[in-house]
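The values are calculated or read from the model by the stated rules, or taken from the named source; none is laboratory data. What you are looking at is a predicted structure, and each value in this text was computed from that prediction instead of being measured. Don't worry about glycine lacking a Cβ; one is built from the backbone with ideal geometry, like all the others, and counts go over all protein chains shown. These accessible areas exclude ligands, DNA and RNA; they are computed on the full protein's heavy atoms, side chains included. Shrake-Rupley method; radii C 1.70, N 1.55, O 1.52, S 1.80 Å.
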Amino acid sequence: MKYIYVTKPVIKWNTCLNYVKRNHSTNVNTKWQSVVGLEVHAQLNTESKLFSGAQNTFGGLVNNCVSLFDAAIPGTLPVLNRKCVELGVITALALSCKVNEVSSFDRKHYFYADLPAGYQITQQRAPLASDGVIHFQVFTPGIHKKPYKKSSKIKQIQLEQDSGKSLHDSELKRSLVDLNRAGAPLIELVFEPDLEASYFYISNSQRNISLNPLDINIDGEEAAALVKELVLIVQRLGACSGRMEEGALRVDANVSLRKFGEPLSTRTEIKNIGSIRGVAGAVRHEIERQRTILDNGGHIINETRSWDATNKVTIAMRDKEVVQDYRYMPEPNLPPLRVNLHTKEDTQDVISVPLIKDTIPELPEDSRRKLIEEYDLREISAIQLVNQPALLHYFYQLVSDVARNPTKVANLLLNDLLTVLNKRKVDVEHCTITVNQMKELTDALLNKQINLDIYRKLLDELFDRPIDFSVLEIIKEKGWTLESDETVIEQKCKEVLDNNPKLVKKYKDGKVKMLNSLLGILAKTTSNKMDMAVATKKMEELLKK
């Protein structure tokens with residue numbers, strides 16, 4: 001039995017079924033539909049914590065950023081951080097959420113060593129905002145041939161405090177607690193379970209099936225694309241650093257499988273996924289795990305699982321057969337949170353939502369549209385540039401002051417710069433090449449002072465030079481200036497033809513591909529410093545004589 005996968009946003013359901021029957025087998029049946037919903041915790045970019053004045057930072061000395069309130073010392077009271085509310089509101093507005101005029105805080109009780117008070121202050125029942133939507137592009141090179149659009153609804157956005165961190169010492173054989181993170185400000189974004197993919201099976205095992213992009217299991221890629229878009233949005237807003245490797249943004253994925261048209265079935269929750277690729281891998285693996293169990297007549301257990309990024313599997317943590325009673329109760333030490341929805345009047349006690357709305361910057365989707373409409377870039381190029389803020393910054397700087405060709409600039413960044421960075425295993429965010437160096441380098445190529453091969457060599461060379469070292473000085477030092485004098489190029493072409501009479505004869509006998517071989521020899525013998533456009537023209541002229 002062979003499975004194929006078709007996602008609903010690409011084509012309609014009936015079209016999917018007809019497509020499968022027409023292209024694969026008449027003996028086709030609907031089997032499963034996966035459903036994925038995400039919960040995302042984003043740590044807010046504030047100097048202090050949600051309810052205390054302790055420093056909100058990453059990587060500090062253990063238990064060095066802890067106030068008396070964070071440690072749950074009796075008699076201490078919470079004081080709401082205004083900046084946290086502002087960042088929560090701007091995030092909600094950017095995601096088209098309805099900001100609630102009145103929201104309130106609850107105590108959610110559970111007992112972990114890293115939660116000193118025995119409860120977490122959150123907004124489960126009356127959240128800051130609700131009913132939003134995030135629109136995003138799904139495109140993973142090597143998996144998708146072309147991008148497609150997808151959206152997911154947001155049930156609610158709530159403010160809450162983070163817990164501390166348990167440290168398990170294998171040598172001392174005991175657990176320690178770091179409370180630096182306790183009380184750190186979070187917004188939790190609860191998405192509806194609306195990321196769906198439909199699974200078919202065909203029983204004709206004799207047929208040799210060739211899968212195309214519509215058939216690939218890409219629901220994990222959709223979840224990853226949603227998280228990527230969210231990271232870009234909160235970074236643009238300045239609400240969150242988005243550094244998943246630091247735990248600034250953590251993802252929980254709820255995954256279930258059901259027969260098509262049936263209600264939602266038993267789900268599993270994958271906790272604290274720490275990377276975008278991890279989201280794709282965890283969701284994909286969990287769907288396959290559940291599908292295997294169901295195909296073999298088993299049942300899915302309602303449980304919490306973790307993602308093992310090394311072995312790329314989900315691992316059982318604890319079951320949820322008995323619903324935990326968190327004993328929600330109103331937080332008695334915090335009054336209801338009120339915001340001004342109607343006027344641009346900001347006071348010390350009440351935040352003006354319209355004022356915050358005016359500060360929303362250009363969002364990722366706006367940037368993609370701008371790149372396509374104003375700069376005439378391909379959709380794929382626009383998506384890739386926006387997905388890498390550092391590359392987008394290079395692009396805007398390179399096309400803003402001088403009329404450089406936007407398409408050529410984008411291609412140089414996405415193809416050549418990224419190739420060098422990947423070879424050196426350097427993240428684009430940590431690229432040491434300055435904007436001025438990129439301008440010099442790009443102008444040298446576009447003005448035909450150098451060719452593409454030398455351009456790539458210069459990119460590599462700049463990593464070993466002091467910051468802001470002149471590109472033109474390197475070109476002069478290395479003797480990498482492109483030869484564009486037609487007389488010199490013609491002479492070099494004659495030398496190649498004289499030294500390769502057999503290739504010349506084959507060309508004149510009709511094997512025109514020999515031209516490429518002759519040009520390759522020219523490039524090699526001249527250290528690839530000829531203007532190949534001029535060389536091609538001169539070589540053809542000489543061959544026709």
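How many percent of the accessible area of the stretch 364-478 is carbon or sulfur, using a 1.4 Å probe?
Accessible surface attributable to carbon and sulfur in the stretch 364-478 totals 47 percent.
Once the whole set of protein chains is in place, how much accessible area is left on Val488, using a 1.4 Å probe, in Å² to the nearest 10?
60 Å²
Please enumerate, by chain and number, the aspartates and glutamates with C-alpha under 15 Å from the C-alpha of Lys506, excluding those fewer than 8 residues away in the same chain.
The reachable aspartates and glutamates, counting only those whose Cα sits under 15 Å from Lys506, are Asp498, Glu540.
Would you work out what percent of the accessible area of the stretch 486-544, with all protein chains in place, is carbon or sulfur (probe 1.4 Å)? Walk me through the intermediate numbers first.
On the way: 1880 of 3670 Å².
Of all accessible area on the stretch 486-544, carbon and sulfur atoms account for 51 percent.
Rolling a 1.4 angstrom probe over the protein chains, ignoring ligands and nucleic acids, what is the accessible area of Met539 in square angstrom, nearest 10?
0 Å²
Order the peptides 332-339, 82-89, 302-309 from the highest to the lowest mean number of other Cβ atoms within 10 Å of their residues.
Going by the mean number of other Cβ atoms within 10 Å, highest first, we get 82-89, 302-309, 332-339.
Looking at the chain, what % of the alpha carbon pairs are farther apart than 36 Å? Display every interim value, and only then the final one.
Numbers: 74145 of 148240 pairs.
Here the long-distance tail beyond 36 Å is 50 percent of all Cα pairs in the chain.
Report the net charge of residues surrounding Lys457, where surrounding means a beta-carbon distance below 13 angstrom and charges are Lys +1, Arg +1, Asp -1, Glu -1. Write out the running numbers ahead of the final one.
Numbers: positive: Lys423, Arg456, Arg465, Lys478, Lys529; negative: Asp416, Asp453, Asp460, Glu461, Asp464, Glu477.
Around Lys457, the charge tally is -1.
Please turn the phi angles of the stretch 109-123 into ³J(HN,Hα) values with the Karplus equation 6.51 cos²θ - 1.76 cosθ + 1.60 (θ = phi - 60°), one per residue in order, whole Hz, x for glycine and proline.
8, 7, 10, 10, 4, 8, 10, x, 6, x, 8, 10, 8, 9, 10
Please tell me the relative contact order of the chain in percent, rounded to the nearest whole number, where contacts are Cα pairs under 8 Å and at least six residues apart. Before the final figure, lay out the partial values.
Working: 976 pairs, mean separation 78.2, N = 545.
Averaging sequence separation for qualifying contacts and normalising by length gives 14 percent for the chain.
Give me, ordered by chain and number, the residues 5 or more places off Met317 or on other chains with an amide H under 5 Å from its own placed amide H.
Here the answer is Thr304, Arg305, Ser306, since their amide H atoms fall under 5 Å of that of Met317.
Given H placed on each backbone N at 1.01 Å, which residues far from Ile450 in sequence or on other chains put an amide H within less than 5 Å of it?
Residues meeting the amide H criterion: Leu445, Leu482.
Helix 219-237 sits at what angle to the longest principal axis of the chain, using alpha carbons and giving 0 to 90 degrees rounded to 10?
Value to nearest ten degrees: 80.
Compute the acute angle (0 to 90°) between the alpha-carbon long axis of helix 13-23 and the principal axis of greatest extent of the alpha-carbon atoms of the chain; round to the nearest 10°.
40 degrees
Measure nothing fancy, just the Cα-based angle from helix 514-525's long axis to the longest principal axis of the chain, in degrees from 0 to 90, nearest 10.
It works out to around 80 degrees.
Sort 501-512, 68-79, 404-415 for me by packing, meaning the mean count of neighbouring Cβ atoms within 10 Å per residue, highest on top.
Numbers: 501-512: 12.7, 68-79: 14.2, 404-415: 17.7.
With the highest mean Cβ count within 10 Å placed first, the list reads 404-415, 68-79, 501-512.
Leaving out ligands and nucleic acids, and using a 1.4 Å probe, what accessible area per residue does the chain come to in Å²? Spell out each step's value before the answer.
On the way: 27410 Å² over 545 residues.
Ligands and nucleic acids excluded, the figure is 50 Å² per residue.
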